[in-house]
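As structure tokens, the structure follows; a few thoughts come after it.
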Amino acid sequence: MSLFRIFDIAGSAMSAQSARLNTTASNLANANTVASSAETAYRSRQPVFQIVTDNSAGIYPASAGVRVAGVVETTAPPAKVHDPGNPLADADGFIYMSNVNPVDELVNMISASRSYQNSVEVLNTSKELLLRTLSLGQ
């Protein structure tokens, strides 16, 4: 594998982790939202990653990075809270809270941030190796 492919792989990983961070930020922003029905309540979202392969080098596919295949909503039901004084309460006096768990989202944010930082380190190390290789010819 050439060092130039490492830039593609690390770049795609940074892109994927950026999408993960954006999804986590959206989940945290909607963590305390309420709705008048379970169908309209905000549900936590998670990105789904997919490996991108490149078969141009031979018969065995080589990893060429990762991409976001989509974003899925969790199937966990929203919390049902009895609050008849809330203007969004249904006829029975219930409101529906989002199913976002802020602690899980913070852990997810830390994990995505560290993965992003690791990809930056891979890029910097690869760049340094290429620069030192070029300096050998001087």
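The values are calculated or read from the model by the stated rules, or taken from the named source; none is laboratory data. Note that the structure is predicted; figures quoted are calculated from it, not measured. When we count neighbours, we look across all protein chains shown, and the Cβ atoms used for this are built from the backbone with ideal geometry, even at glycine. Each accessible area value is taken on the protein alone, full model and side chains, heavy atoms only, with ligands, DNA and RNA left out. Shrake-Rupley method; radii C 1.70, N 1.55, O 1.52, S 1.80 Å.
Counting only protein heavy atoms and a 1.4 Å probe, the chain has 64 square angstrom of accessible area per residue. Taking 0.36 nm per residue of sequence separation and removing the Cα-Cα distance, the E121/N101 pair yields an extension gain of 4.2 nm. Label-to-label distance, F4 versus Q138, with points set 7 angstrom from Cα along the beta-carbon direction: 2.2 nm.
With a cut-off of 13 Å on the backbone N, the residues of segment 73-92 near the modelled label site 7 Å out from Q46 along Cα-Cβ are 73-76.
Its Cα centre serving as origin, the chain has a Cβ charge dipole (Lys and Arg +1, Asp and Glu -1) of approximately 560 debye. Say a paramagnetic label sat at a point 7 Å from the Cα of S37, along Cα to Cβ; which residues of segment 83-102 have their backbone N under 16 Å from it? Answer for this model: 88-97. Ranking T53, A41, L136 by Cα position along the charge dipole of the chain, where only Lys, Arg, Asp and Glu carry charges on their C-beta atoms, puts L136 farthest toward the positive end.
Which entry is the computed Rg and Dmax of the Cα atoms in Å for this structure: (1) 16.4, 54; (2) 21.9, 80; (3) 14.0, 41? Label (2) holds the value from this structure.
Label-to-label distance, V81 versus L130, with points set 7 angstrom from Cα along the beta-carbon direction: 5.1 nm.
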